[in-house]
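Everything on this sheet refers to the single structure shown next.
The values are calculated or read from the model by the stated rules, or taken from the named source; none is laboratory data. For clarity, every value in this text was computed on a predicted model and none was experimentally measured. Glycine also receives a Cβ, built like all others from the backbone with ideal geometry; neighbour counts cover every protein chain displayed.
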Amino acid sequence: MNPLHGLYAITDNTLMPDDQTLLSYVQQAILGGAHVIQYRDKTSDTEKRYRQARLLNELCRAHNRTFVINDDVQLAHQCGAHGVHIGQKDSAIEIARQTLGANAIIGVTCHDQLSLANSAALAGADYVAFGAFFPSKTKPNAKPAPLSLLGEAKSILSCPIVAIGGITVDNASQTITAGADMIAVVHSLFAAESITQQAEAFAHAFNWNE
Ligand SMILES: Cc1ncc(COP(=O)(O)OP(=O)(O)O)c(N)n1
Ligand SMILES: Cc1ncsc1CCOP(=O)(O)O
Ligand SMILES: [Mg+2]
């Protein structure tokens, strides 16, 4: 499985409303260089969510890509995903770890709070996510976070750091230079005319920074 670094693609049930679109778009993102895929579905259709999570898990494993489920620890366990991403209002890390095991990948949302990231890391999180760093089309009400937070987090945390929120090909390098190990993207990737080329452009942002 690839390391927790680079482009982190998050699916969207509005941009990808059916199985065929979801699988096609995620495959294009993987072919363009996305390293981590997160299934984020905010509908209540449990049958669809289970079906799609299973399909994405198969696709990601076929391409040796890391696959995590947003919010739902039980779904992550049932579909065989590598792990889960949990927010401050989702399951506790301890429950996720107990359910998914020592080798699972557990990521935690930390908004603009370094203290949340410190607590998450101490509780065994495999990565922490900060944001929103720019205005988000997907979550317009997300609380803004300053880019300086990434450098502060880098100086005290040993786990990978994810930046999220309104990240585009044009502003991605600001988050990487500031300290992000991964950039998590929804709209500017999956609403692009060529998802593969857009993913490649994000991947180049990491090369330019090295
Ligand atoms: C990588 C990553 N970072 C942050 C989030 C946001 O999670 P959360 O705060 O739980 O909000 P929802 O995504 O559940 O609306 C994320 N999903 N992924
Ligand atoms: C889930 C989430 N959490 C903070 S911003 C955001 C949405 C990111 O989507 P986009 O890349 O379209 O801004
Ligand atoms: Mg959540």
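For the reader, a short list of remarks on this structure follows.
- Only one of 64, 141 that is surrounded by fewer than 14 Cβ atoms within 10 Å (Cβ to Cβ) and either acidic (Asp, Glu) or within 16 Å of ligand 3 (Cβ to nearest atom) (or both): 141
- Residue match in the stretch 35-54 (condition: acidic (Asp, Glu), closer than 21 Å to residue 160 by Cα, within 14 Å of ligand 3 (Cβ to nearest atom) and in a loop (DSSP other than H, G, I, E, B)): no
- Of residues in the stretch 79-119 being at positive phi and either exposed (fewer than 14 other Cβ atoms within 10 Å of the Cβ) or part of a helix (DSSP H, G or I) (or both), the one farthest from ligand 2 (Cβ to nearest atom): 101
- Pairs meeting the criteria (first residue in the stretch 73-102 and within 19 Å of residue 3 (Cα to Cα), second residue at pLDDT 95 or above and polar (S, T, N, Q), beta carbons under 6 Å, at least 6 apart or on different chains) are 80/57; 81/57; 82/66; 85/38; 85/70.
- So residue 180, is it assigned to a loop (DSSP other than H, G, I, E, B) and within 16 Å of ligand 3 (Cβ to nearest atom): no
- Here the condition is being away from ligand 1 (no atom under 13 Å from the Cβ) and of a type outside the set (A, V, I, L, M, F, W, C); of 136, 173, it holds for 173 alone.
- Residues that are assigned to a loop (DSSP other than H, G, I, E, B) and either crowded, with 17+ Cβ neighbours inside 10 Å or within 15 Å of the chain's Cα centre (by Cα) (or both) within the stretch 120-138 comprise 125, 126, 132, 133, 134, 136, 138, listed in sequence order.
- Residues that are within 15 Å of ligand 1 (Cβ to nearest atom) and in contact (Cβ under 8 Å) with a residue 40 or more places away in the chain within the stretch 30-55 comprise 34, 35, 36, 38, 39, 40, listed in sequence order.
- Pair list, Cβ < 7 Å and 6+ apart or interchain, from the stretch 120-146 residues that are farther than 9 Å from residue 110 by Cβ to residues that are of a type in the set (Ser, Thr, Tyr): 133/175; 142/136
- Any hit, the stretch 122-133, residues being of a type in the set (A, V, I, L, M) and closer than 21 Å to residue 12 by Cβ: yes
- Qualifying residue in the stretch 79-89 (condition: at pLDDT below 95 and closer than 24 Å to residue 132 by Cα): yes
- Every condition in (1) in a helix (DSSP H, G or I); (2) farther than 19 Å from residue 135 by Cβ is met by residue 193 except one, and the failing one is (1).
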